[in-house]
Amino acid sequence: MLLDVLQGAEAGGFILIQDTAKCTGRGLLKCFINAALKRGEDVHVLGFESPETEVCAGLDRSCVQKLNFHKGFPDPLGWTCRSSFTVERFATQHITQLIKDTQQAKASVLVVDSLSLVLRHHDTLVFCQTLQELRKGGVIKTIIGLLHSDLHQQGVVGIVCYLASTVISVTTANDERHSVAKTTRRTKSGKVMQEEEYFSVSEDATLSVQAKPRQPGHVQKGQDVSEADPASNLTFNLRLSEEERKAKEKVALPFVFSQEKKSALLRPTPGSGRITYEPDANDDFDEEDPDDDLDV
């Protein structure tokens, strides 16, 4: 699944790469930048944590001219006026104008390195609104962001993950040469797909993916497993013999009408429906009209 996300970034998508101090996701971020450049897309990188030389190292030289790096390092807050794009300018109008000034006819890919620095200096609600406006503005095709999940509260991380169409969580593996990527992808129809894979990044920003091996003792689906019989070892019999079953079928239930009984009940008889009343000697019969005092 990780290669599918890498090779075909969907329009209007938001790809979020989560990492921690134990396992960095910057190498995976470079793979996405390299793949977008090879597809011929214009890539805009807001570099708040890494210099341009580090980001461009290992990328395809024939496509690197399509990379637009907006310098935010080493002065992301603009204290010394050494950066062309600061964290404070992370707003829809500034980013849209920045891309329009340099973009070609088609939509671009926006890469943010990293979203954690932006979140620490912006309100969470304003940050989420900015992401949604950028996704729907038409100028940006795909947003790819790196988030250091161990720097934020769990609720803030959950909100950002909810906005993303694809979340890739990077963790360490037992093998030092590989890392584990847990990819959660949500399609436009609402279907959610999830898969864990081993991956490694080479010096030329090439991604290698391997299926995660099965854990010991894992039982594959489809194997024949003997099921326990709940009717065994009982002091009474829950099953019927063939003769008992035939005798049961012959018993007429009291609430089931046979055809003969239905015909007898529905057959009309003379004098049916007549009510005959004979007064009894003990009946208290008043000959006076109970409504005599009424003016009717």
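For residue 100, a cut-off of 27 angstrom between C-alpha atoms picks up these lysines, skipping any fewer than 8 places away in its own chain: 30, 38, 66, 71, 136, 141. Take every pair of alpha-carbon atoms less than 8 Å apart whose residues are at least six positions apart; their mean separation over the length of the chain yields a relative contact order of 20 percent. Its Cα centre serving as origin, segment 1-210 has a Cβ charge dipole (Lys and Arg +1, Asp and Glu -1) of approximately 620 debye. Among 278, 244, 176, the largest mean-square fluctuation in a Gaussian network model of the chain (Cα springs under 10 Å) belongs to 278. Percent of accessible area on the chain owned by carbon and sulfur, 1.4 Å probe? Roughly 50 percent of what the probe reaches on the chain is carbon or sulfur. Size descriptors for the chain, from the alpha-carbon set: Rg then Dmax equal 38.5, 121 Å. For a modelled paramagnetic label at residue 88, 7 Å from Cα along Cα-to-Cβ, no residue of segment 103-134 is in reach, as no backbone nitrogen comes under 11 Å.
With a cut-off of 15 Å between beta carbons, the residues surrounding residue 171 carry a summed charge of -2, where Lys and Arg count +1 and Asp and Glu -1.
Between the beta carbons of residue 200 and residue 123, assuming R0 = 25 Å, the FRET efficiency works out to 0.10 to the nearest 0.05. Of the residues 43, 169, 2, the one whose Cα sits farthest toward the positive end of the charge dipole of the chain, with +1 on the Cβ of Lys and Arg and -1 on the Cβ of Asp and Glu, is 43. Counting only DSSP beta bridges whose two residues both lie in segment 1-210, roughly 40 percent are antiparallel. Distance from the alpha carbon centroid of segment 84-127 to that of segment 128-164 works out to 11 angstrom. The mean accessible area for residues of segment 28-173, using a 1.4 Å probe and ignoring ligands and nucleic acids, is 46 Å² per residue. The solvent-accessible area of residue 59, taken with every protein chain present and a 1.4 Å probe, is close to 10 Å². What the Cβ-Cβ distance of residue 252 and residue 280 gives, at R0 = 30 Å and to the nearest 0.05, is a FRET efficiency of 0.15.
With +1 on each Lys and Arg Cβ and -1 on each Asp and Glu Cβ, how big is the dipole of segment 65-133 about its Cα centre, in debye rounded to the nearest 20? It would help to have the intermediate numbers written out before the result.
On the way: 7 positive and 6 negative charges, 51 e Å.
Using Cβ point charges on Lys, Arg, Asp and Glu, segment 65-133 gives about 240 debye.
Secondary-structure-derived ellipticity at 222 nm for the chain, considering helices only, amounts to -7500 deg cm²/dmol, per-run term -39500 (n - 2.57) for DSSP H runs with n ≥ 4.
The values are calculated or read from the model by the stated rules, or taken from the named source; none is laboratory data. Quick caveat, the model's predicted, so the values are computed rather than measured. Glycine also receives a Cβ, built like all others from the backbone with ideal geometry; neighbour counts cover every protein chain displayed. To get the accessible areas, we keep the full protein, side chains included, count just its heavy atoms, and leave off ligands, DNA and RNA. Shrake-Rupley method; radii C 1.70, N 1.55, O 1.52, S 1.80 Å.
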